[in-house]
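Here the structure is laid out as structure tokens; the discussion comes afterwards.
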Amino acid sequence: MLRDMYIVQFIDHYYSSWYLSKTMLINTDKTKYTKGDIIVFEDNKYLVLEDYAYLRVAKYNCKINPLVSLIEQIPNV
């Protein structure tokens, strides 16, 4: 399924102040993502922020620690 993926960047360290960095057309297997999912596209990892009307993601550069809650590891959420 072809979908538009909207890559956002945060201006401050708050969830409400972000701007659209880039829009990419991706081919996905899933029709719906949940908050916190990781999408790997062209050797880059993206963290799903929301998938309601638009698939909004942010670049993800961190490793996931299985001993810490995933919500605590997601930046700016």
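The values are calculated or read from the model by the stated rules, or taken from the named source; none is laboratory data. Keep in mind that this is a model prediction, so the values were computed, not measured. For neighbour counting, all protein chains shown are included, and Cβ atoms are generated from backbone atoms with ideal geometry for every residue, glycine included. Side chains included, ligands, DNA and RNA excluded: accessible areas come from the protein's heavy atoms. Shrake-Rupley method; radii C 1.70, N 1.55, O 1.52, S 1.80 Å.
A few comments on the model shown:
- Residues that are among the hydroxyl-bearing types (Ser, Thr, Tyr) and either closer than 20 Å to Glu72 by Cβ or without any contact (Cβ under 8 Å) to a residue 12 or more places away in the chain (or both), drawn from the stretch 34-58: Thr34, Tyr46, Tyr52
- Of all residues in the stretch 1-43, those satisfying the criterion of being part of a loop (DSSP other than H, G, I, E, B), at pLDDT 85 or above and under 25 Å from Ser69 (Cβ atoms) are Lys30, Lys32, Tyr33, Thr34, Lys35, Gly36, Asp37.
- Number of the exception - Leu67 against (1) open to solvent by 90 Å² or more (accessible area, probe 1.4 Å); (2) under 14 Å from Arg3 (Cα atoms); (3) of a type in the set (A, V, I, L, M, F, W, C): (2)
- Within this structure, Leu67 passes the test of being in a loop (DSSP other than H, G, I, E, B) and either modelled with pLDDT of 85 or more or not polar (S, T, N, Q) (or both).
- Candidate set from the stretch 40-51 (those that are farther than 12 Å from Tyr6 by Cβ and open to solvent by 10 Å² or more (accessible area, probe 1.4 Å)); member that is nearest to the chain's Cα centre (by Cα): Lys45
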